[in-house]
Amino acid sequence: MNESDEEMEKARIIRDPVCGMPIEPEKAKFKAEFGGKLYYFCSEYCKRRFFERPRIAYFSMEVGIKSEIPTYSGGLGALAGDTIRSSADLKIPLTAVTLVSRKGYLKQKITEEGEQLEYPDEWAPSEYMIPLPPIVEVPIEGRKVKIRAWLYEHQSVTGGVVPILFLDTDVEGNTPEDRGITDFLYGGDDRYRLKQEIVLGIGGVRMLEALNFNVAKYHMNEGHSSLLTLELLRKNNMDSDKVKNLCIFTTHTPVEAAFDKFPYDLVEEVLGDLFPIEVLKKYGGQDRLNMTFLALNLSKYTNGVTKAHMEYSRRLFPGHHIMSITNGVHSYTWTSPFFRELFDKYIPGWANEPELLVRVGPIPDEEIWEAHMKAKRHLLEFIKEKTGVEMDLEVLTIGFARRATAYKRATLIFSDIERLREVNKIGKIQLVFAGKAHPRDIPGKMMIKEIYGYIKQLKDEIKIVYLENYNMDMAAKMTSGVDVWLNTPLPPLEASGTSGMKAAHNGVLNFSVLDGWWVEGCVEGVTGWAIGPRPDEPIEEKERRRRELKDLYNKLEYLIIPTFYERRDEWISMMNNSIGKVAYYFNSHRMMQRYATEAYLL
């Protein structure tokens with residue numbers, strides 16, 4: 001059989017979505033349609049299980065499944081996408097629920113002066129999804145608002161399938177105002193946000209019921225969907241114990257100020273009398289309806305997203321039993337094609353068993369370096385195409401890409417320009433930035449403008465670019481194509497962070513403040529480098545800031561630059577460690593196996 005015959009043969013083989021058994025469609029005895037798609041099964045049992053087995057309903061305000069579907073703004077949505085991918089790979093019976101966000105988060109344009117301009121990032125659900133027949137209603141401001149769902153099915157090569165329901169209020173019969181509720185991700189004011197959370201939480205539960213999904217657990221990814229707990233209370237005769245046994249809550253925020261909170265007069269105006277005010281106050285807080293309190297008080301299993309975040313959360317919510325499941329990223333998605341090819345050659349099976357990446361050691365250094373240089377060349381060609389700036393393949397390239405907001409401190413590296421110039425004389429560096437600021441985040445927008453000022457100030461000395469309209473595709477290019485991934489959040493505001501995990505999958509070295517996941521991932525000088533003291537070190541904030549800057553410049557000058565330019569074998573050894581000691585663990589397969597055993601199967 002020649003190569004083309006083999007490919008045709010593979011194309012005729014599909015997998016049972018329940019057990020993963022290979023099936024030839026023309027010989028299949030058992031098949032059924034779901035969401036306009038035909039599925040094939042190896043047995044009557046698997047066919048029945050596909051429709052009847054209990055499912056995990058995973059609720060997230062944003063989901064990053066692909067760049068062309070802009071229903072995400074940053075790390076929370078990317079994590080939700082990776083949760084879905086790993087669940088499909090592992091055949092975990094999960095169904096995701098989110099909003100359709102027809103006009104996206106924002107399409108970013110940046111002027112020559114660094115001013116961010118925002119435009120709707122419109123897309124057509126009909127190009128990617130199938131509309132489902134049921135219509136459900138939720139009460140909003142005394143009106144019955146209709147909701148429909150679009151179905152997107154993520155299917156794994158293992159056969160596993162995760163349906164994603166994108167809830168949509170752009171339905172005939174709704175007022176123009178109500179048709180726009182699901183337009184913008186994180187758009188509008190508190191009233192608009194509360195309406196969205198009613199659609200997601202209450203509407204999501206009702207839609208799952210209308211579609212006859214057998215839901216065993218409801219997993220809330222952050223507090224935006226926590227109104228679902230009230231709907232479950234209503235359905236279970238206000239039995240809070242029953243509801244707690246149904247609910248799982250993952251919190252991603254380490255500071256109370258960032259939680260969604262709504263004044264009760266607004267809640268009563270928008271939600272009406274669907275739930276007694278005393279019930280809202282009992283579970284959601286006396287002063288305002290706090291969505292995090294609501295989820296915490298009505299969930300049996302609650303977790304933070306790193307060990308450090310668990311500790312912060314326990315201090316923030318004394319009396320609550322909060323566990324930790326450290327985030328991860330979907331290994332295959334975030335590994336560049338060049339490293340995929342390398343891993344396929346030396347570590348067969350790594351894509352569905354990413355823990356096998358611990359065996360990266362025997363891969364020859366020259367092949368690791370070659371794969372990295374291909375990824376770097378790919379990024380630099382992209383930069384030239386987008387900005388016209390031609391960066392040097394041989395120069396140490398540092399990447400920084402996150403949501404543009406003050407606590408991420410994107411400008412920290414520019415704190416002492418003269419010191420940065422001295423560092424650059426020791427060994428040339430070049431910097432690549434990206435990230436969107438929320439339309440109402442003025443300090444975040446000013447930070448982008450400030451970086452543009454440094455680009456002009458240092459244009460004859462250090463090449464610096466800011467890539468506009470950051471998305472998942474760009475993230476994949478950046479996290480695989482730079483040499484060093486820089487992360488400088490203000491502790492303890494980074495609950496987890498996942499971009500550095502993506503970088504590690506590609507042998508890129510992390511240089512980060514010890515916050516979030518890096519507290520667990522950093523082995524100084526082995527997997528990367530830390531910036532500043534450990535978060536539990538009892539020192540004044542002023543001294544902490546001083547030591548962060550000292551580390552930032554000194555480690556660049558005395559460790560990172562000399563190792564990159566003068567000790568290439570040592571650098572590649574650290575790249576090897578980044579894969580074998582970081583990527584093998586910080587992946588979403590390990591994360592979902594933890595959720596399955598600790599939360600879903602309880």
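The values are calculated or read from the model by the stated rules, or taken from the named source; none is laboratory data. In this text the structure is predicted, and so the values were computed from the model without any measurement. Ideal geometry is used to build each Cβ from the backbone, glycine not excepted, and the neighbour counts take in all protein chains shown.
The table below lists the values:
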| quantity | calculated |
| --- | --- |
| Flag for Ala476 being in contact with a strand residue (DSSP E or B) (Cβ under 9 Å, 6 or more places away or on another chain) and buried (at least 17 other Cβ atoms within 10 Å of the Cβ) | no |
| Residue within the range 288-301 that is out of contact with any Phe, Trp or Tyr (no Cβ under 8 Å at 6 or more places or on another chain), closer than 20 Å to Tyr58 by Cβ and not aromatic (Phe, Trp, Tyr) present | yes |
| Test: residue in the range 398-409 that is surrounded by fewer than 20 Cβ atoms within 10 Å (Cβ to Cβ), in contact with a Leu (Cβ under 9 Å, 6 or more places away or on another chain) and either assigned to a helix (DSSP H, G or I) or modelled with pLDDT under 95 (or both) | yes |
| Selection from the range 429-440 of residues that are buried (at least 17 other Cβ atoms within 10 Å of the Cβ) and either farther than 22 Å from Met474 by Cα or small (Gly, Ala, Ser) (or both) | Ala434, Gly435, Ala437 |
| Where a residue in the range 35-50 is at negative phi and its partner, wherever it lies, is among the small types (Gly, Ala, Ser), with Cβ under 6 Å and at least six apart | Tyr39/Ala32; Tyr40/Ala28; Lys47/Ala32 |
| Residue list for the range 41-75, filter: part of a strand (DSSP E or B) and either surrounded by 24 or more Cβ atoms within 10 Å (Cβ to Cβ) or touching a Phe, Trp or Tyr at 6+ places or on another chain (Cβ under 7 Å) (or both) | Phe41, Arg55, Ile56, Ala57, Tyr58, Phe59, Ile69 |
| Contacts under 9 angstrom Cβ, first residue in the range 458-482 being without any contact (Cβ under 8 Å) to a residue 60 or more places away in the chain and assigned by TED's automatic domain parsing to the domain that holds Leu509, partner surrounded by fewer than 21 Cβ atoms within 10 Å (Cβ to Cβ) and assigned to a loop (DSSP other than H, G, I, E, B), 6 or more apart | Ile462/Lys428; Ile464/Val389; Ile464/Leu458 |
| Which numbered condition Phe317 misses (of (1) surrounded by fewer than 19 Cβ atoms within 10 Å (Cβ to Cβ); (2) aromatic (Phe, Trp, Tyr); (3) assigned by TED's automatic domain parsing to the domain that holds Gly580) | (3) |
| Close pairs from the range 367-381: first in the same structural domain as Tyr346 (by TED's automatic domain parsing) and free of Cβ contacts under 8 Å to residues at least 24 places away in the same chain, partner of a type in the set (Gly, Ala, Ser) and outside any helix (DSSP H, G or I), Cβ under 8 Å, at least 6 apart | none |
| Residue check, Pro254 modelled with pLDDT under 95, surrounded by fewer than 16 Cβ atoms within 10 Å (Cβ to Cβ) and outside any helix (DSSP H, G or I) | no |
| Residue list for the range 528-542, filter: outside any strand (DSSP E or B) and farther than 20 Å from His309 by Cβ | Ile539, Glu540, Lys542 |
| Test for Val508: is it more than 24 Å from Glu418 (Cα to Cα) and either outside the structural domain of Lys428 (by TED's automatic domain parsing) or surrounded by fewer than 24 Cβ atoms within 10 Å (Cβ to Cβ) (or both) | no |
| Test set (1) under 12 Å from Gly481 (Cα atoms); (2) in contact with a helix residue (DSSP H, G or I) (Cβ under 7 Å, 6 or more places away or on another chain) - Arg377 fails condition number | (2) |
| Contacts under 8 angstrom Cβ, first residue in the range 423-436 being in a helix (DSSP H, G or I), partner aliphatic (A, V, I, L, M), 6 or more apart | Val423/Ile429; Val423/Leu556; Val423/Ile561; Asn424/Ile462; Ile426/Ile561 |
| Top-ranked residue in the range 539-585 [being among the acidic types (Asp, Glu) and under 28 Å from Ala371 (Cα atoms); ranked as surrounded by the most Cβ atoms within 10 Å (Cβ to Cβ)] | Glu557 |
